[in-house]
Amino acid sequence: MSEADLPEPSCKRQEQFRGDLEQAVRAQSELPVANPTPLEKFIYWLTPNALRRWIKRTNQEVEIQYLRRSRAFDPAWYLRQHPDVARAQMDPAAHYIKHGEGEGRSPSPLFLVDAHRVRAFRRKNFRQCYWVAYLKRWRLEPRMRLCAGVSETPRSSSSPSATPFASFAVQKVPGTTHVLFIGHEASKTGAPIALKHLMLSLEKTNRIQPWFVADGDGPLFDDYAALTPAIRSTDYPISRSSFIHSLARWFAQMEGPKVAVCNTVVTREYAKALHDAGIPVIAWVHELPTSITRFGGGAQTMKTIFQSARQVVYVSRSVQQANNRAFGSAPDFGRVIHNGVTPETSRDGQFREKLARELRIPISAPLVMGCGSIDGRKGVDLFIRVAHNILTEMKGEGTQLPHFIWVGAGTGNEWHTWCIHDAKILGIARQVHFSGERNDIADFYQHSRVFLLTSREDPFPLVSMEAMAYGLPVIAFAGATGQGILLKRCGVVVPYLETDAMAQAAITLLRAPQQCAEVGQAVSRHILEHYSWDRCAADFMGEIDAILAVKRPD
């Protein structure tokens, strides 16, 4: 897309784009093929042929006028795609209604025609136009103008090219590389947060032009959109497969060097489509084999990743070795780039007082923290067991008992329900609290005494990195995380699933607050010195340069 195709820069247009996308339809990707009722079939059978032809002509005129007014239909794109129509000097809307749809032609770059389905629909709905019915069925006017990538300006001979990002006025800086970041979702969980920090640090180098696509929704999407042009696949009223292949074709047409970064193995379809379109792909793998097998498609997924990616980046050596061993690759295949950490300063000087009122706990009570989505992989049930063991042993000491706080999404789900049930049966319900997803997590880190990493499998958890950066001692299970070596040096590692051992380690730290603080400060210095997002971004930029064979500037 040339600079002449771009609309004038407008923050308001970008904001409108995001607002319209949030309202865009998320329903089915294709119009249901509705069968005529027996009465409709009988009336049609009784209708004289002359009347049928008149009805057809009338309906076609109505549909042609509708399509001409519709911003979802770009006549310039239609003529470029079908030069025989341009040579015949036919009206694009009239041609599509009368001939194009029946011939299997696409009316939009993001609407790939299923010829069999269209024929079935037209046969069963008295030759009604499938595309017009689709627009009316899902009420996509006027929002479809953005889904189809048409600018908000009135249509003219210089109408912008139809692309997924056409509503954004982004002019490429000479010497930069287009980098398309693909995220599997925009939740406030480890991999999406890591991707956001990587994008921030890469953008500071002034060497890339970033673009972002989320394959799912989430509260972090607005943060992405504040950084760079950002869209969600769920906002486009087409099938996921059609969206992925349309996106790949669009990105392949970008001028200049380009690379795609696919975050997590869940984005494997994007990696394959981009690879097939000739785009170099970097696959950023966070998961360990059990999660890949359980949620990500297992060996077939990793085969797709290995075949599609020019480079596979693992978040730790343990993740690299475990996946390569489990899925049949060479032990040293891929590159290890550790995540970074960027601790925030406390934003609320009265946080502890507010938390005490919210949870109805003493303001001076020691806090033991856990963090993550409330599910079995994160070991939230083990958190309850450890809390019970700690409280049982410390109950008769005469010291103030700690309170246990779990921060993360999932309150109300099955795991949360059973954890509340267990806490009540064990008699510790008043000491255990689930705060849900929070924006003030930095305050929780700064006011806690110990962090329990109870995960059964966690590749390179950001929560433990953040906890250590805030000077919080971390206790974890051996073999459960890719941070084993780091935690042995900077935390406490106990045998796998030995909740008694984890409880004893926590009690030792809780009984010696001064020693606990000194250990935390030493750990914090090490983490901040050796793990930063700028270093992570520099390593990623090195991989991008190597892939594009671009000589690193002095």
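The values are calculated or read from the model by the stated rules, or taken from the named source; none is laboratory data. Since we're looking at a predicted model, the values are computed, not measured. When we count neighbours, we look across all protein chains shown, and the Cβ atoms used for this are built from the backbone with ideal geometry, even at glycine.
Remarks
- Residues in the stretch 481-499 that are touching a strand residue (DSSP E or B) at 6+ places or on another chain (Cβ under 9 Å), hydrophobic (A, V, I, L, M, F, W, C) and free of Cβ contacts under 8 Å to residues at least 40 places away in the same chain: Leu487, Cys490, Val492, Val493, Val494.
- Only one of the listed residues (Phe404, Phe451) is of a type outside the set (D, E, K, R), surrounded by 19 or more Cβ atoms within 10 Å (Cβ to Cβ) and within 24 Å of Ser316 (Cβ to Cβ). That residue is Phe451.
- Test: Val285 is of a type in the set (Val, Ile, Thr), in contact with a helix residue (DSSP H, G or I) (Cβ under 7 Å, 6 or more places away or on another chain) and surrounded by fewer than 21 Cβ atoms within 10 Å (Cβ to Cβ): no
- Residue count for the stretch 259-278, restricted to those that are farther than 22 Å from Ala194 by Cβ and either in the same structural domain as Pro459 (by TED's automatic domain parsing) or of a type outside the set (Gly, Ala, Ser) (or both): 3.
- Identity of the residue in the stretch 288-318, more than 16 Å from Ile337 (Cα to Cα) and in contact (Cβ under 8 Å) with a residue 60 or more places away in the chain, that ends up surrounded by the fewest Cβ atoms within 10 Å (Cβ to Cβ): Thr290
- Pairing each residue of the stretch 85-103 that is under 14 Å from Arg69 (Cβ atoms) and assigned to a helix (DSSP H, G or I) with any residue that is at pLDDT 80 or above and among the aliphatic types (A, V, I, L, M), provided the two are 6+ apart or on different chains, yields C-beta distances under 8 Å for Pro92/Leu79; Pro92/Val85; Ala93/Ile64; Ala94/Ile64; Ile97/Ile64.
For every residue, the table says whether it meets (1) surrounded by fewer than 21 Cβ atoms within 10 Å (Cβ to Cβ); (2) acidic (Asp, Glu); (3) out of contact with any His (no Cβ under 8 Å at 6 or more places or on another chain).
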site	(1), (2), (3)
Ser464	no, no, yes
Ala476	no, no, yes
Gly482	no, no, yes
Gly491	no, no, yes
Pro495	yes, no, yes
Thr499	no, no, yes
Thr508	yes, no, yes
Gln514	yes, no, yes
Glu518	yes, yes, yes
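- Tallying residues that are out of contact with any helix residue (DSSP H, G or I) (no Cβ under 7 Å at 6 or more places or on another chain), part of a strand (DSSP E or B) and crowded, with 22+ Cβ neighbours inside 10 Å within the stretch 194-251 yields 1.
- Qualifying residue in the stretch 418-438 (condition: of a type in the set (A, V, I, L, M), assigned to a loop (DSSP other than H, G, I, E, B) and either within 25 Å of Ile292 (Cβ to Cβ) or free of Cβ contacts under 8 Å to residues at least 60 places away in the same chain (or both)): yes
- All conditions in (1) within 21 Å of Ala271 (Cβ to Cβ); (2) surrounded by fewer than 17 Cβ atoms within 10 Å (Cβ to Cβ); (3) in contact (Cβ under 8 Å) with a residue 24 or more places away in the chain hold for Ala330, with the sole exception of (3).
- Residue that is surrounded by the fewest Cβ atoms within 10 Å (Cβ to Cβ), among those in the stretch 371-386 that are part of a helix (DSSP H, G or I) and touching a residue at least 60 places away in the same chain (Cβ under 8 Å): Arg385
- Taking (1) part of a loop (DSSP other than H, G, I, E, B); (2) modelled with pLDDT under 70 in turn, Ser106 satisfies each apart from (2).
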